[in-house]
Structures are given as C-alpha cells and as structure tokens.
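The values are calculated or read from the model by the stated rules, or taken from the named source; none is laboratory data. Here the structure is a predicted model, which means the values were calculated and not measured. Don't worry about glycine lacking a Cβ; one is built from the backbone with ideal geometry, like all the others, and counts go over all protein chains shown. Surface accessibility is based on the protein's heavy atoms, side chains included, excluding ligands, DNA and RNA. Shrake-Rupley method; radii C 1.70, N 1.55, O 1.52, S 1.80 Å.
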Amino acid sequence: MPGLAVTGLSLSRFRNHRTLRLDLDGRPIALFGPNGAGKTNLLEAVSLLSPGRGLRRAATDEVALRPERSGWKVSAIVRTPCRTHEVVTWAQIGGTRQVTVDGKAAPQVELGRIVRIIWLVPSMDRLWMEGAEHRRRFLDRIALSFDPEHAEHALIYNRSLRERNRLLKDQVRDRHWYGALESRMAAAGCAIQAGRRVALHRLADAQAAAETAFPAAELLLTGAEGSLTPDTGDGFASALAESRQRDLYAGRTLVGPHRADLEVTYAAKGIPARQCSTGEQKALLISVVLSNARALIRNSGIPPILLLDEIAAHLDSGRRAALYDEICALGAQAWMTGTGSGLFDGLASRARHLEISDTGGVPMISESGS
C-alpha cells in the first residue's frame, strides 16, 4: 500500500522561488547545494501543508517573494493510503493564510487530518539548552501529530490566557470578569495536558520497542507552581480562581500548561540532555523525532513526512548511514538538506537526489544521479 507522500509541489512567489514545480515519486528527497540557494525554503513550503506557521514560525507576509511582496501560494498533490488530495495554501500581503482541500475552503486543522509532518531544523539544536517555551512548542508539535485537535485547544487556551493576563495587568479585580474566561482556559488547558501526556506515553512505547543506533531519551513533563495539576476542568478553574490574588501581584497567570517544561535525559548515561555534548544532544533530538514517526506508524499505520534540514550536521558517517537506513525502514518520505552531495551517498537510489543552485538570484533545481 502506498504511504503518505507529497508527489507534486508548486510554489509561486514563495521566499526566493518565483515559480517552482517538482514532480516526485514518494521516495526520500536529498536536496543539496550552497547556503542561501533556497533549500530550507522548500522544506518550509512543505511544512505549511500542516496547521500552524511552519518550521520557521514566520508571519504570512514574511514568506512572500521580495521585493514584489504580492502574495504567495503553495500547491501540493498529497498521496495518502486512501486517496490523493490537492492541497493549496496561500496569503495576500496583509491577509491571513487560506487553505483549500480538493478545491473547497478548509480550516487549517483539516490539514492535520490529511498530512502528518514532523521536522527537525538547525535552530532546534539548542532545544535542550534554551528556555521552556521552546520545549513546550516542540512537545505540542508532537502532540499535534497524533491529534489535529490539539492545535485548536492550544489556540483557545492561548487566546484566553492573553485576555486573562490583560485583566491582571490592568488590575481588574471583579470576579465576574474572570469566570467564563477561566472556564474556557480550564477546558482547553486540560485537553492540552492530556494530549501532551498521551504523546509522551506513545513516544516511550515506541522507543522501548525499537532497535536503533540513536540513544533513547527519557522524557518527563514537569512544571512550576502546580502547572500540571489538577487534571479536571472544574479543578483547574478552581485553581485559577484561587490564584487570582497572587496572579494580580505578578501581573500574569502563574498556573497552567503554559508553565510546563519537558525534561529530557540521556537514558543510558542518566545525564540531563542539557549536560550532554553537542553531538549527543543532536542524537537525542533525532531519537525523539524517529520515535515520533514510529509511534505514528503504530497508531495509524501511516509514516509521517519528515523534514530534516541540515540533518548531517554533528553526525559522523556511521550515524548518518544509520539514520538513512532507519528512515527508509520506516517507509517515510523524508526531505533532507545538506551542502554537498557526498552527505547523502548512503542513500544511493533509495532517494531522489536534487541539486539546487543559485544563478543570479534565481534558484535552479536539477536531478543528480546517485
């Protein structure tokens, strides 16, 4: 049975690509060329076939071709085991992102029901060293890959959180202003916590059942100021009500899933990820991403699409070859970038090898035999 894959991709005025069309066959794609040629831009376009702001978290206007800035469009033919879909997403300057699926307008959450996309980009290499916000976002992307509704819960929660924080900052003390707002926060917050816990449970199961060249990571959801309890909507709403006085002094909400953190440990060594070497941190990241893919396959039988930008960085040749073997064993369509073709020798004919060059500011893509 054919798996999930982008078999056709067209870009119009997206980043540095004025126009682009790729016809693909579902195999992994090894995309190589000099820095600045537009490799990551292609991965970003594919990432916008899922809900959210894509792998760069860019505003809609930021991805438009400069200096024209006349709007952009990404069109894709997406093959799933059941059928093939035409997915189009676009935005005009100053407008919001629009989506159509098979010619009909659709909310972004619909993309999550069709396409499961996981990515790993160089900016995530310091994930274990940065603030908790980045790890929460990483975990929420994993939870979203299992449940597209997770994005809607996060949207409702964050909108309500901003409104409550505005009341706190303005020192509003009337409890009637808070009641309905805290009920919405509580319902969405409990759904977010549940989604995160389910995701971590599935990752742990996938790691335990796998034989892999990458180190297992122990993942633990932690939080400050009781942010992970209580587990019921009524209990969480009560906790928010009880915390109002303290929150008024702080000028912000101090309880809730926005206070959680993801604690990661190199299981075999018992060392926190933040204390590991650069290479070990990268290997742990890859391990989690591969576990996410395995867990999705176990859950739905369908491998996700993987976007792996500059994936060979910090990997020796042995681990690089092991990664390619694992990707192919998963049956996933992986989009991988690197500066030189030699980085992908281990893939040989198992992948499409595409060279991207920059000719006078115009990206050109050509097939490279391997």
Taking the solvent-accessible surface of protein heavy atoms with a 1.4 Å probe, what is the per residue accessible area of the range 63-137 in Å²?
49
Using θ = phi - 60° and the Karplus curve 6.51 cos²θ - 1.76 cosθ + 1.60, what whole-Hz ³J(HN,Hα) does each residue of the range 238-246 get, with Gly and Pro shown as x?
5, 5, 5, 4, 5, 8, 4, 4, 5
Low-density loop trypsin sites (Lys or Arg not before Pro), the range 112-192, at most 15 other Cβ within 10 Å, DSSP non-H/G/I/E/B, are R126, R173
If one builds a Gaussian network model of the chain from Cα atoms under 10 Å apart, the most fluctuating residue listed among A267, A199, A186 is A267
Please provide three numbers in whole Å: the alpha-carbon extents of the range 251-370 along the principal axes, with the largest listed first.
54, 37, 34
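What is the range 1-44 by shape, rounded, prolate or oblate, if you read a ≥ b ≥ c off the alpha carbon gyration tensor as root eigenvalues and call it rounded for a/c under 1.5, prolate for a/b larger than b/c, and oblate otherwise?
In terms of gyration-tensor shape, oblate.
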With -39,500 (n - 2.57) per DSSP H segment of 4 or more residues and division by the full residue count of the chain, the 222 nm estimate, nearest 500 deg cm²/dmol, is -12000 deg cm²/dmol
Run the dipole for the range 300-370 about the Cα centre, Lys and Arg Cβ at +1, Asp and Glu Cβ at -1, nothing else charged, and hand back the magnitude in debye, nearest 20.
180
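At 1.4 Å probe radius, can you tell me the per residue accessible area of the range 173-269 in Å²?
49
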Hey, how much of the P(r) for the chain falls beyond 30 Å, as a percent of Cα pairs?
42
Loop GluC sites (Glu not before Pro), the range 112-181, which have at most 14 other Cβ atoms in a 10 Å radius of their Cβ (DSSP):
E130
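Report in % the part of the accessible area of the chain that belongs to carbon and sulfur, leaving out ligands and nucleic acids; probe 1.4 Å.
C and S atoms contribute 50 percent here.
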How big is the range 84-228 in terms of Cα radius of gyration and Dmax, in angstroms?
18.5, 57
Take the alpha-carbon centre of the range 265-315, take the same for the range 50-115, and report the distance between them in whole Å.
27
If Rh is defined by the Kirkwood formula over all Cα pairs and Rg also comes from Cα, what ratio Rg/Rh do you get for the range 34-153?
0.97
